[in-house]
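Structure first, commentary second.
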Amino acid sequence: MNAVPEGSAAAAAAAARLATFIEAHPRLFVLGGAGISTASGIPDYRDLDGGWKRTPPITLQAFVGDAFARSRYWARSLVGWRRFGAAQPNAAHRALAALERRGRVALFVTQNVDGLHQAAGHEAVVDLHGRLDRVRCLACERRLPRVRFQQELERHNQDWLAFDALDAPDGDADLEGLAFERFVVPDCDECGGLLKPDVVFFGESVPRERVERATLALEEADAMLVVGSSLMVYSGYRFARAAAQARKPIAALNLGRTRADDLLSLKIEADCAAVLGAL
Ligand SMILES: [Zn+2]
């Protein structure tokens, strides 16, 4: 299997196959994943076989129950956010937003937490796994902008600002072997509760209203389109299963294997930005 380079004849051919699927199904339920944002410089978790490329991300249990794990998370996030928070939408985000403007998208459900679809002008988006640009208090449910919390983290941890590391998925950075127990994590200044990024961690369930909104949209859609996701996580895979049970055709544009490969009526193994940019 090989990547389809942007602007190539192969990308144009793949885009034509995808366009045929889109034209045949006027109302699409679209599910997007990390493969859409890699061209914006945000790494993904999975290799071409759908396995982990790296250590699996922090779980809710570790974040809440282990102060060292929590400090390590925020120290790495302090470094990773600087580039994550500055990422810009790419051709794939723009093409999907254009599809919505043409009235072809029943609902767009993203597994990404970067807000880049909204930044590209996409309006009806369900952030299945939340948003990294918000921080939430686990005690009083107050939410605050991440940019403000970043300022707090920087104020308390001046000596950590000199560190840099390679970007990891979800605004994380590969910072290792440091005295994380010395990293200061401010608590909620209203109630003293634990602050957590407003994203769904591993070991945490997706809020029910998001699943319900997505399920309703899928029921009304003619077909499902998966973009840039291996569907290895059940929270996304379940929609492919539901579409298959309802006998709705499913197409996937993804570089590598997906968990739903046996359910697909069209599979395009290619880079999202290259193919969607050629649509
Ligand atoms: Zn609070």
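The values are calculated or read from the model by the stated rules, or taken from the named source; none is laboratory data. This one's a predicted model, so the numbers in the text were calculated from it and none came from an experiment. Every residue, glycine among them, receives a Cβ derived from its backbone with ideal geometry; neighbour counts consider all protein chains shown. Side chains are part of the model used for accessible areas, which takes the heavy atoms of the whole protein and leaves out ligands, DNA and RNA. Shrake-Rupley method; radii C 1.70, N 1.55, O 1.52, S 1.80 Å.
When the residues of region 249-271 are filtered to those that are open to solvent by less than 40 Å² (accessible area, probe 1.4 Å) and without any contact (Cβ under 8 Å) to a residue 60 or more places away in the chain, which remaining residue is nearest to His25 (Cα to Cα)? That would be Ile250. When region 162-183 is filtered for residues that are open to solvent by 60 Å² or more (accessible area, probe 1.4 Å) and either more than 27 Å from Trp52 (Cβ to Cβ) or not charged (D, E, K, R) (or both), the ones remaining, listed by number, are Ala162, Phe163, Leu166, Gly177, Arg182. Against the list (1) open to solvent by 20 Å² or more (accessible area, probe 1.4 Å); (2) touching a residue at least 12 places away in the same chain (Cβ under 8 Å), the condition Gln151 fails is (2). Regarding region 72-84, can at least one residue be identified that is under 26 Å from Ala240 (Cα atoms) and open to solvent by less than 40 Å² (accessible area, probe 1.4 Å)? No: zero hits. None of Arg101, Arg70, Arg83 is out of contact with any Phe, Trp or Tyr (no Cβ under 9 Å at 6 or more places or on another chain), of a type in the set (Lys, Arg) and in contact (Cβ under 8 Å) with a residue 40 or more places away in the chain except Arg83.
If the condition is being among the polar types (S, T, N, Q) and either in contact with a strand residue (DSSP E or B) (Cβ under 8 Å, 6 or more places away or on another chain) or within 16 Å of the ligand (Cβ to nearest atom) (or both), then region 189-238 contributes Ser229, Ser230. Please determine whether any residue of region 182-201 is within 30 Å of Arg238 (Cα to Cα) and without any contact (Cβ under 8 Å) to a residue 60 or more places away in the chain. No: region 182-201 contains no residue that is within 30 Å of Arg238 (Cα to Cα) and without any contact (Cβ under 8 Å) to a residue 60 or more places away in the chain. Screening region 62-170 for strands (runs of 3 or more DSSP E) wholly inside it with 2 or more residues that are out of contact with any Asp or Glu (no Cβ under 8 Å at 6 or more places or on another chain) and under 25 Å from Gly277 (Cα atoms) returns the ranges 105-110, 125-127. Each residue in region 222-248 was checked for being open to solvent by less than 10 Å² (accessible area, probe 1.4 Å) and not small (Gly, Ala, Ser), and 6 pass.
Screening region 106-154 for residues that are over 21 Å from Leu225 (Cα atoms) and β-branched (Val, Ile, Thr) and picking the one that is nearest to the ligand (Cβ to nearest atom) gives Val135.
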